[in-house]
Amino acid sequence: MYVVIAGGHGQIARRLGRLLTARGDTVTGLVRNPAHREDLLADGVSPLVIDLETAAPEELAPHLSGADAVVFAAGAGPGSGAARKDTVDRAASVLLADAAGQAGVRRYLMVSTRGAGSPPPPEADEVWAAYVRAKTAADEYVMGRDLDWTVLRPAALTDDPGTGLVRLTAGRSVGDVTRDDVAAVLAALLDTPHSAGLVLELAQGQDPVAAAVARAAHERTGAV
């Protein structure tokens, strides 16, 4: 499988890249900062330097040609303001969707967030509220495209070692989940075409990753 990951130097993206390359997949990581190239090469991932905040779909599309799937794992990150929540968390995901369409890449995995799909709570600070609105708009845009999309909304993220045990549901995620386990779920989703069309909430739980993904796909489609 050939997978292109947007936000390739992010914490979840690097974990996913290492998982995929370790099992023999080919991975390209899209990064803005040329200094991140060496880290990706060490992971076995081919880096491509492109600024998703300024690129046009027709500029990105040729770099997606031949891919089996794209994964949007980019984010403005901690310390960024409300404006960059829009230009990265929303607009860059829109760019990736448009470029994937132009390149003929149908499979699109979106790393979203808890709380997306609903208005931010009244007590939310300005930046978190902007983040939730950006992610909601991004999810809705991708879901409206003619793509085989899956939207994954993880609970609060931790850097604890992965457990391999998760809860994957259509209901709102509660609690937390390790970044290791988010990456493992993304890899399993890539292996499960029938998970297309699902919006999934992810938290730590009791189900092995592969079983949780297979069950989610089966409950919606009756297929495994």
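Structure above, values below:
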| item | result |
| --- | --- |
| Backbone N under 14 Å from the residue 211 label point (7 Å along Cα→Cβ), restricted to the range 156-178 | 164-168 |
| Estimated dipole of the chain in Debye, rounded to 20 [Cβ of Lys and Arg +1, of Asp and Glu -1, Cα centre] | 260 |
| Candidate values (i) 0.93; (ii) 1.09; (iii) 0.98, label of the one derived for Cα Rg over 2.2 N^0.38 Å | (i) |
| For the range 203-217 and the range 37-114, distance of Cα centres in Å | 26 |
| In nm, spacing of pseudo-spin labels at residue 218 and residue 172 (7 Å Cα→C-beta vector) | 2.9 |
| GluC sites (Glu not before Pro) restricted to the range 50-138 and DSSP loop, no more than 16 other C-beta within 10 Å | 53, 123 |
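Values quoted throughout were computed directly from the atomic coordinates according to the rules given, and no laboratory measurement underlies them. Only a predicted model underlies this, so the values are computations on that prediction, with no experimental measurement involved. Every residue, glycine as well, gets a Cβ built from its backbone with ideal geometry; the counts of neighbours run over all protein chains shown.
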